[in-house]
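The values are calculated or read from the model by the stated rules, or taken from the named source; none is laboratory data. Just so you know, these numbers come straight off a predicted model, no measurement behind them. So basically every Cβ, Gly included, is an ideal-geometry build from the backbone, and we count neighbours across all protein chains shown.
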């Protein structure tokens with residue numbers, strides 16, 4: 001016994017004509033353009049959208065040398081956020097992860113990060129740290145302690161035990177837009193156990 005499937009009824013020429021007229025009308029095109037322009041204005045003017053090229057391997061494996069990234073102003077920033085910051089000494093843009101916020105006490109022992117005396121899990125780092133910070137670094141008000149994910153190959157806050165002003169943060173890394181094989185969102189990793 002054979003069953004026949006019901007045939008789809010072709011849409012009437014009148015309905016197709018109405019849809020064509022709607023999507024090709026001057027008003028719909030103008031409205032679409034205005035929405036697009038408002039979205040871009042919001043991203044550039046209020047969220048300070050910026051584009052950068054990752055210059056080094058200091059953030060591997062999260063960000064690779066040559067990745068093109070997009071940042072947005074995302075204040076207040078949290079531990080675990082990957083940010084672009086203007087280096088106070090050189091004036092260059094750096095890409096690092098926030099490891100400590102104002103008031104945090106940062107130490108590194110046995111290849112692991114400790115915040116306020118508590119071990120912090122960091123599954124995103126390239127390898128355990130080969131250096132130690134035994135005297136706790138207390139992060140001053142309005143500053144952050146920054147580390148690269150490729151800890152042993154990163155010029156960051158561990159080198160001189162100095163923190164960076166929050167005001168120098170350009171934005172939080174949100175997206176990799178090139179190369180296309182790495183196209184996608186960049187997520188923060190909350191540093192659990194740090195409070």
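A few notes on this one:
For (1) part of a loop (DSSP other than H, G, I, E, B); (2) free of Cβ contacts under 8 Å to residues at least 60 places away in the same chain; (3) outside the structural domain of residue 66 (by TED's automatic domain parsing), each residue gets a yes or a no:
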residue: 95; (1), (2), (3): no, no, no
residue: 99; (1), (2), (3): no, no, no
residue: 103; (1), (2), (3): yes, yes, no
residue: 106; (1), (2), (3): no, yes, no
residue: 114; (1), (2), (3): no, yes, no
residue: 119; (1), (2), (3): no, no, no
residue: 124; (1), (2), (3): yes, no, no
residue: 127; (1), (2), (3): yes, yes, no
residue: 130; (1), (2), (3): yes, yes, no
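- Restricting attention to the range 68-77, the residues that are surrounded by fewer than 21 Cβ atoms within 10 Å (Cβ to Cβ) and modelled with pLDDT of 95 or more add up to 1.
- One residue stands out among those in the range 177-190 that are touching a residue at least 40 places away in the same chain (Cβ under 8 Å) and under 8 Å from the mean Cα position of the chain (by Cα): the one that is nearest to residue 65 (Cα to Cα), which is 186.
- Any hit, the range 177-190, residues being in a loop (DSSP other than H, G, I, E, B) and under 16 Å from residue 115 (Cα atoms): yes
- Look at (1) surrounded by fewer than 12 Cβ atoms within 10 Å (Cβ to Cβ); (2) in contact with a strand residue (DSSP E or B) (Cβ under 8 Å, 6 or more places away or on another chain); (3) over 18 Å from residue 161 (Cβ atoms) and you find that residue 119 fails only one, number (1).
- Given (1) at pLDDT 95 or above; (2) under 15 Å from residue 77 (Cα atoms); (3) out of contact with any strand residue (DSSP E or B) (no Cβ under 7 Å at 6 or more places or on another chain), index of the condition residue 190 fails: (1)
- Odd one out for residue 81, checked against (1) under 12 Å from the mean Cα position of the chain (by Cα); (2) at pLDDT below 95: (2)
- Only one of the listed residues (174, 89, 162) is touching a strand residue (DSSP E or B) at 6+ places or on another chain (Cβ under 9 Å) and either surrounded by fewer than 17 Cβ atoms within 10 Å (Cβ to Cβ) or farther than 18 Å from residue 70 by Cα (or both). That residue is 162.
- Flag if residue 74 is part of a loop (DSSP other than H, G, I, E, B) and either over 19 Å from the mean Cα position of the chain (by Cα) or assigned by TED's automatic domain parsing to the domain that holds residue 55 (or both): yes
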